[in-house]
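Everything below concerns the one structure shown next.
The values are calculated or read from the model by the stated rules, or taken from the named source; none is laboratory data. From a predicted model like this one, the values you see are computed outputs, not experimental measurements. Cβ placement follows ideal geometry from the backbone for every residue including glycine, while neighbour counts extend to all protein chains displayed.
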Amino acid sequence: MKKSTVLAIAMTTLMLSCNQTSKKEVNDAKTDLSDAKQELNDARVNENDAVKAKTEAEWKQFKTESDNEIAKLNQDLTKLDASLAKMNTRDKQKLDVDYQQAKKDITTLKDKLNKKNAAFENDMKTFGNKASEENQIFRQDFKTDLAKVDLSVRKLFKDDKK
């Protein structure tokens, strides 16, 4: 009887200690899971901040390059304007329509860039992947439009020299 009582006490102690170990492991696992979720959230925030900073830097570079290209086109038109003033009426009339269209296109591009810049700054307040993608598409389209206007201004210079 003494043996069975000791055995029962030993078994009870063993079961209780195993149960406490299991509860401790479950609590540790819950804590680890909570920590992992927090680290994941922090990583997402850090990644979002990095993407936002990259997008802002790319936009700033694009805007500066575009402003410089527009200024160069305006300079070219100013030079052409001086050449037009020296031309005879017939030659001037040939180039004047294209010249006026180029001025209008440059103004349109300038307005388009300024509007997008304002929208971009607003988008940065609620930054997300959609804003980054829209920005990238706009930059590609704008560069294409700018290249077309640049080509038309170059064509005017060629026509001017004929």
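Note on the range 115-162: residues that are farther than 23 Å from Asn48 by Cβ, touching a helix residue (DSSP H, G or I) at 6+ places or on another chain (Cβ under 6 Å), of a type in the set (A, V, I, L, M, F, W, C) and modelled with pLDDT under 90 amount to 2.
The numbered conditions (1) under 16 Å from Lys60 (Cα atoms); (2) free of Cβ contacts under 8 Å to residues at least 40 places away in the same chain are all true for Ala131 except (2).
Could we say that Ser66 is hydroxyl-bearing (Ser, Thr, Tyr), surrounded by 10 or more Cβ atoms within 10 Å (Cβ to Cβ), under 22 Å from the mean Cα position of the chain (by Cα) and at pLDDT 75 or above here? Criteria met by Ser66. For Val26, indicate whether it is over 38 Å from the mean Cα position of the chain (by Cα) and either modelled with pLDDT of 85 or more or more than 24 Å from Ala118 (Cβ to Cβ) (or both). So Val26 passes the test. Being assigned to a helix (DSSP H, G or I), surrounded by 14 or more Cβ atoms within 10 Å (Cβ to Cβ) and among the charged types (D, E, K, R) holds for only one residue in Lys72, Lys79, Lys112, Lys104, and it is Lys112. Restricting Lys115, Lys130 to residues that are charged (D, E, K, R) and over 23 Å from Asp150 (Cβ atoms) narrows the list to Lys130.
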